[in-house]
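The values are calculated or read from the model by the stated rules, or taken from the named source; none is laboratory data. Note that the structure is predicted; figures quoted are calculated from it, not measured. Cβ sites come from the backbone with ideal geometry, for glycine too, and all protein chains shown count toward neighbours. Calculation scope for accessible area: heavy atoms of the full protein, side chains included, ligands and nucleic acids excluded. Shrake-Rupley method; radii C 1.70, N 1.55, O 1.52, S 1.80 Å.
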Protein chains: 2
Amino acid sequence: MAVTGIDLGGTKACGALFDAHGNIICKESRLLDGRTGKAVGELVCSIAAEMSASAGSEPIEAVSVCVPGIANAKTDTVWAPNIAGWEQYPLKQQIEAATPGVPVVIESDRTCCILGETWKGAAQGAENAVFIVVGTGIGMGILIDGHIINGHAGITGAAGWLALNMLYEDDYPQFGCFESNASGNGIARCARNALASGNYSESILNKYVPEKITASDVFGAYEAGDALAASVTEKAIKMWGMAAANVISLLNPEIIVWGGGIFGPAVQFLPRIKEEAMRWAQPVAAKQTRFAAAQLGSDAALYGTARLALMNTSPHKITLL
Amino acid sequence: MAVTGIDLGGTKACGALFDAHGNIICKESRLLDGRTGKAVGELVCSIAAEMSASAGSEPIEAVSVCVPGIANAKTDTVWAPNIAGWEQYPLKQQIEAATPGVPVVIESDRTCCILGETWKGAAQGAENAVFIVVGTGIGMGILIDGHIINGHAGITGAAGWLALNMLYEDDYPQFGCFESNASGNGIARCARNALASGNYSESILNKYVPEKITASDVFGAYEAGDALAASVTEKAIKMWGMAAANVISLLNPEIIVWGGGIFGPAVQFLPRIKEEAMRWAQPVAAKQTRFAAAQLGSDAALYGTARLALMNTSPHKITLL
């Protein structure tokens, strides 16, 4: 028996064929290449067809897709801010039409990341676990009491919007407080704004074209002792700690997994982030929470889709949660 | 058929006998009167016995108790910071010994509050709802996808510890950031600290003995245009809004219910709190969230215990979630 999992991002889609144990049989990546609206759905369907062809005579028993946005399980539509035309997009219906008789499950990428990491990654076996994805933006996958959570309309884990400092800044209406200061794009933007302020004429970041500064450049300058980079990085570390603290106090997870492109290089800061979180969080819950770097890298969400697909195979529904 | 619900607080215990529809048949309050440890458990058992006597020939089919602290469903023990000797206290075992053969369920008071308000109060029928209890402290009851949440060790909803401002203050290790600034005790303490700073010699709050100032005094002075009271109250309003925003962005509730002794008088601020929350929260989720004052007053948790008890009656287990 085989299932197909597809991780759809804002710039590419990656599909894989999995066996019943969640081993990858084959894997394929395709760029979105400027596609919008229905054409993105067609790309997803064509990857599903490729996987089906790769499976040969073995039938695909379920397909699961994760999306870079919100999957509303009540309306069976998705919203993906980086895919033009995907506001209430009927992705599930489109895939079902292309793969008749096969169960289709759609979830958000952040939810699939925590499903992947608690299955085969850094948080194996945990029933209360949170994945903080810090890339160009920030999101959070939440597993609590062994369940993924949907909320009223599937908009759970929108952690980039966490309010962590009373001083309201110009970027917040567009990106949210946490994301404005501590995502990859946020860190780069904070560095550019500091350069533009003219207060850091000594900063080694002045050698870059401002628009091209990345969070990695900022971390590099921080290691070289640059004051501007230190100011931006220390603020991000503090906010990562405060955000983790808030999740601990509200949800009492046993583990917080840090992943996405920034963790990566920011994994070096995990001990300091944990120390910061311990200052703020409910103290009993804080002591119970492990902090770990993601182990599945860019495949976390893909494994999560496989887990969801396997949970939806028929007739022998597997309980993997 | 009848069940017993008991709401145990830090200073008193209130028990009631309920019929199958959750109507109160009779109700009884008893002061803790300095009791500690086992004696508090005995008081709870004696209330359960009184309710059983009031039921006459009708057998009690379940007993549920809520505690002012943490109920750990894995170890069946409770932790209540305001009851001396209740750190890993085996309350369930003690009540079961006193009521042989009757199912006993223990939960936190904040969880029972949201169970009560979503059953018979301001959030009837909601499956995704949050109760923010602002009294001497701050706690949060969370219902998500129709389930109450336990987390790793029952420490969910410890919202008083929410980190909402980067400037770390002296009170935070003891009470948490949110509670230090926006609970009843926190508001009174902020006012006392401001008076002690000597910067508010014109404040009408100077007429009070500092140790006796309450949050109500602060709200009264705020209405009279007092600058100190305005500063303290505005900070609390902002933090209530930010805390609500964080719950919205993480959990996507359809309603947030505000209760406890401070809401009460602070209900007048709900439109401003909502406005503040809308600035910070994930915008799509924010638009979906109603804000409401609690309707069951001090009986919210008691109704929640009845709901839990009814869910545990046997043989005809009722699904009330």
Subject >> Subset of segment A:238-281 (residues that are open to solvent by less than 10 Å² (accessible area, probe 1.4 Å), within 14 Å of another protein chain (Cβ to nearest Cβ) and over 21 Å from residue A:148 (Cβ atoms)) >> reply: A:239, A:240, A:241, A:242, A:245, A:273, A:277, A:280, A:281
Subject >> Identity of the residue in segment B:122-153, away from chain A (no Cβ under 13 Å) and more than 27 Å from residue A:287 (Cα to Cα), that ends up least open to solvent (accessible area, probe 1.4 Å) >> reply: B:122
Original post:
Between residues in segment B:268-291 that are closer than 17 Å to residue A:153 by Cα and residues that are among the charged types (D, E, K, R) and open to solvent by less than 60 Å² (accessible area, probe 1.4 Å), which pairs lie under 9 Å by C-beta distance while being six or more apart or on different chains?
Top reply: B:288/B:254; B:289/B:254; B:290/B:254
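Can you tell me which residues in segment A:37-72 are β-branched (Val, Ile, Thr), free of Cβ contacts under 8 Å to residues at least 60 places away in the same chain and either farther than 26 Å from residue A:141 by Cβ or in contact with a helix residue (DSSP H, G or I) (Cβ under 8 Å, 6 or more places away or on another chain) (or both)?
Going residue by residue through segment A:37-72, those that are β-branched (Val, Ile, Thr) are A:40, A:44, A:47, A:60, A:63, A:65, A:67, A:70.
From what is left, the residues that are free of Cβ contacts under 8 Å to residues at least 60 places away in the same chain are A:40, A:44, A:47, A:60, A:67.
A:44, A:60, A:67 - these are the residues of segment A:37-72 that are β-branched (Val, Ile, Thr), free of Cβ contacts under 8 Å to residues at least 60 places away in the same chain and either farther than 26 Å from residue A:141 by Cβ or in contact with a helix residue (DSSP H, G or I) (Cβ under 8 Å, 6 or more places away or on another chain) (or both).
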Subject >> Residues of segment B:86-102 that turn out to be closer than 14 Å to residue B:52 by Cα and open to solvent by less than 50 Å² (accessible area, probe 1.4 Å), as a count >> reply: 3
Original post:
Failed condition for residue B:111, given (1) open to solvent by less than 30 Å² (accessible area, probe 1.4 Å); (2) more than 14 Å from every other protein chain (Cβ to nearest Cβ), with all others met?
Top reply: (2)
Original post:
Do the conditions hold for residue A:163, that is, is it facing chain B (nearest Cβ under 7 Å) and more than 14 Å from residue A:69 (Cβ to Cβ)?
Top reply: yes
**OP:** Scan (1) open to solvent by 50 Å² or more (accessible area, probe 1.4 Å); (2) in a helix (DSSP H, G or I); (3) away from chain A (no Cβ under 14 Å) for the single condition residue B:304 breaks and write down its number.
**Re:** (1)
Subject >> Test: residue in segment B:172-192 that is without any contact (Cβ under 8 Å) to a residue 12 or more places away in the chain, part of a loop (DSSP other than H, G, I, E, B), at the interface with chain A (Cβ under 10 Å from one of its Cβ atoms) and not hydroxyl-bearing (Ser, Thr, Tyr) >> reply: no
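Based on this model, can you work out whether residue B:22 counts as on the phi > 0 side of the Ramachandran plot and of a type in the set (Gly, Ala, Ser)?
Details: on the phi > 0 side of the Ramachandran plot: yes; of a type in the set (Gly, Ala, Ser): yes.
In short, yes.
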**OP:** Being within 14 Å of another protein chain (Cβ to nearest Cβ), within 16 Å of residue A:37 (Cα to Cα) and not hydroxyl-bearing (Ser, Thr, Tyr) is the filter; apply it to segment A:61-80 and report the residue that is most open to solvent (accessible area, probe 1.4 Å).
**Re:** A:79
Subject >> Failed item in (1) touching a Ser or Thr at 6+ places or on another chain (Cβ under 9 Å); (2) away from every other protein chain (no Cβ under 14 Å), with residue A:119 passing the rest >> reply: (1)
Original post:
Can we say residue A:54 is of a type in the set (Ser, Thr, Tyr) and either over 27 Å from residue A:130 (Cα atoms) or in contact with a Pro (Cβ under 7 Å, 6 or more places away or on another chain) (or both)?
Top reply: yes
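For (1) under 21 Å from residue B:218 (Cα atoms); (2) surrounded by fewer than 24 Cβ atoms within 10 Å (Cβ to Cβ); (3) modelled with pLDDT under 95; (4) touching a Pro at 6+ places or on another chain (Cβ under 8 Å), each residue gets a yes or a no:
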site: B:158; (1), (2), (3), (4): no, no, no, no
site: B:166; (1), (2), (3), (4): no, yes, no, no
site: B:181; (1), (2), (3), (4): yes, no, no, no
site: B:187; (1), (2), (3), (4): yes, no, no, no
**OP:** Filter segment A:165-203 for residues that are among the small types (Gly, Ala, Ser), more than 25 Å from the chain's Cα centre (by Cα) and within 18 Å of residue A:234 (Cβ to Cβ) and give the result.
**Re:** A:194, A:197, A:203
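Just to be sure, is residue A:140 of a type in the set (A, V, I, L, M, F, W, C) and without any contact (Cβ under 8 Å) to a residue 12 or more places away in the chain?
Values: of a type in the set (A, V, I, L, M, F, W, C): yes; without any contact (Cβ under 8 Å) to a residue 12 or more places away in the chain: no.
When the stated conditions are applied, residue A:140 does not pass them.
Quick check on segment A:220-237: of everything there that is of a type in the set (A, V, I, L, M) and within 26 Å of residue B:162 (Cα to Cα), which residue is farthest from the other protein chains (Cβ to nearest Cβ)? Give the steps one after another, and end with the answer.
Taking segment A:220-237 first, the residues of a type in the set (A, V, I, L, M) are A:221, A:224, A:227-230, A:232, A:236-237.
Now restrict to residues that are within 26 Å of residue B:162 (Cα to Cα): A:230, A:232, A:236-237.
On the way: A:230: 16, A:232: 14, A:236: 12, A:237: 11 Å.
Ranking the qualifying residues of segment A:220-237, first place goes to A:230.
Scan segment A:284-292 and tell me whether some residue there is touching a Leu at 6+ places or on another chain (Cβ under 6 Å) and either within 9 Å of chain B (Cβ to nearest Cβ) or on the phi < 0 side of the Ramachandran plot (or both).
At the first step, the residues of segment A:284-292 found to be touching a Leu at 6+ places or on another chain (Cβ under 6 Å) are A:291.
Going one step further and asking which of them are either within 9 Å of chain B (Cβ to nearest Cβ) or on the phi < 0 side of the Ramachandran plot (or both), we end up with A:291.
Yes, because at least one residue in segment A:284-292 is touching a Leu at 6+ places or on another chain (Cβ under 6 Å) and either within 9 Å of chain B (Cβ to nearest Cβ) or on the phi < 0 side of the Ramachandran plot (or both).
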Subject >> So residue A:83, is it crowded, with 17+ Cβ neighbours inside 10 Å, closer than 29 Å to residue A:266 by Cα and within 14 Å of another protein chain (Cβ to nearest Cβ) >> reply: no
